[in-house]
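So the structure is just underneath, and the comments pick up after that.
We did not get these values from a lab; they are worked out from the coordinates using the rules stated. Note that the structure is a prediction, hence the values are computed from the model and not measured. Ideal geometry is used to build each Cβ from the backbone, glycine not excepted, and the neighbour counts take in all protein chains shown.
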There are 2 protein chains.
Amino acid sequence: MTSYKELFAGKGLKNTKSRNLIYDILNETGLPMTAEQIFVRLKETNKSVNLSTVYRTVELFVEKGLVLKAIMAEDNKAMFEINHHEHKHYLVCLNCKEMIPVAGCPLDEYEKVLIDRMGFDVTGHKFEIYGYCKNCQKLNSEHKKEDF
Amino acid sequence: MTSYKELFAGKGLKNTKSRNLIYDILNETGLPMTAEQIFVRLKETNKSVNLSTVYRTVELFVEKGLVLKAIMAEDNKAMFEINHHEHKHYLVCLNCKEMIPVAGCPLDEYEKVLIDRMGFDVTGHKFEIYGYCKNCQKLNSEHKKEDF
DNA sequence: GTAACTGCAAACCTTTTGCAGCTTG
DNA sequence: CAAGCTGCAAAAGGTTTGCAGTTAC
């Protein structure tokens, strides 16, 4: 179990067992997880942390900028992932729900256009691409173009 | 009160008072609304429809492709809007929560690139731009660049 | 007439909160 | 030691469901 002493201290957070465990799980997994998933993962490894603590912790991490929060359409649950401070988007498979990260972002130019055209002060954006991953394409084929 | 007899019939739905009312509200408003908002709006005009009926109805509309559903980050509530079958995105003001529609979409090209590069079969995408609208820019100024 | 729809109340599920006890710096 | 964390249990808030009665076709 790693210790994130300095990392937490820098944000005015105490370095506790739960926080280390939760940050670890998010780090290892490398993908967005729900609070429940984090909770279950910890339970499996007999390093149980109370579910409310998980919620409080990830929310705190979000507040301090250590973690990013996103709410997935469909099953409206919040998902949390380590903030690597890189700009990243996901391909979300509609079948297996896997989230595949893609580097790069085609939107910066567009944001500038919007600022000019609409006088809207852009601070960020969210961009998710839905479809079917390679694996699921083999299995399924009766999907149609949808509107998002 | 308009009647959407043919529209509903085409989707195998019965033409009922509640459905007309709900579709009407969404049409008039022209912007995404929560089930609650629809419910309240109807109550105000003494055309009360039960909240569960609102939920059942909008969800049905979504299923039939008449309405689009989106879940707003922050307060994770589902929002519903008429599906005009046009590709549209929103500027979401982080202060007043207003959603300003923008026509056009810079992403089609990018989707093609992804298909080639990742073998991912894209069926759609969701794109929301966060920031501050003209009005709120005047009031606030202490906002920082955030990660989404 | 029958299948579909609605209202009502209760259940559900994710997330939040109050409080008492325990840790960390 | 004081402030901050955690567990527990209970509440909150959005959404769903079972059922009995009503309505549309």
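When region B:112-128 is limited to residues that are among the hydrophobic types (A, V, I, L, M, F, W, C) and within 24 Å of the chain's Cα centre (by Cα), the one that is surrounded by the fewest Cβ atoms within 10 Å (Cβ to Cβ) turns out to be B:Val122. Within region B:80-111, the residues that satisfy the criterion of being surrounded by 15 or more Cβ atoms within 10 Å (Cβ to Cβ) and part of a helix (DSSP H, G or I) are B:Tyr110, B:Glu111. From the list B:Glu109, B:Glu81, which one is more than 20 Å from the chain's Cα centre (by Cα), more than 10 Å from DNA strand C (Cβ to nearest atom) and within 14 Å of chain A (Cβ to nearest Cβ)? Just a single option satisfies the conditions, and that option is B:Glu109. Scanning region A:9-42 for residues that are surrounded by fewer than 17 Cβ atoms within 10 Å (Cβ to Cβ), assigned to a helix (DSSP H, G or I), within 15 Å of DNA strand C (Cβ to nearest atom) and under 21 Å from the mean Cα position of the chain (by Cα) yields A:Ser18, A:Glu36, A:Val40.
When A:Lys69, A:Lys77 are checked against the criterion of being under 24 Å from A:Ile129 (Cα atoms), of a type in the set (Lys, Arg) and surrounded by 17 or more Cβ atoms within 10 Å (Cβ to Cβ), a single residue qualifies: A:Lys69.
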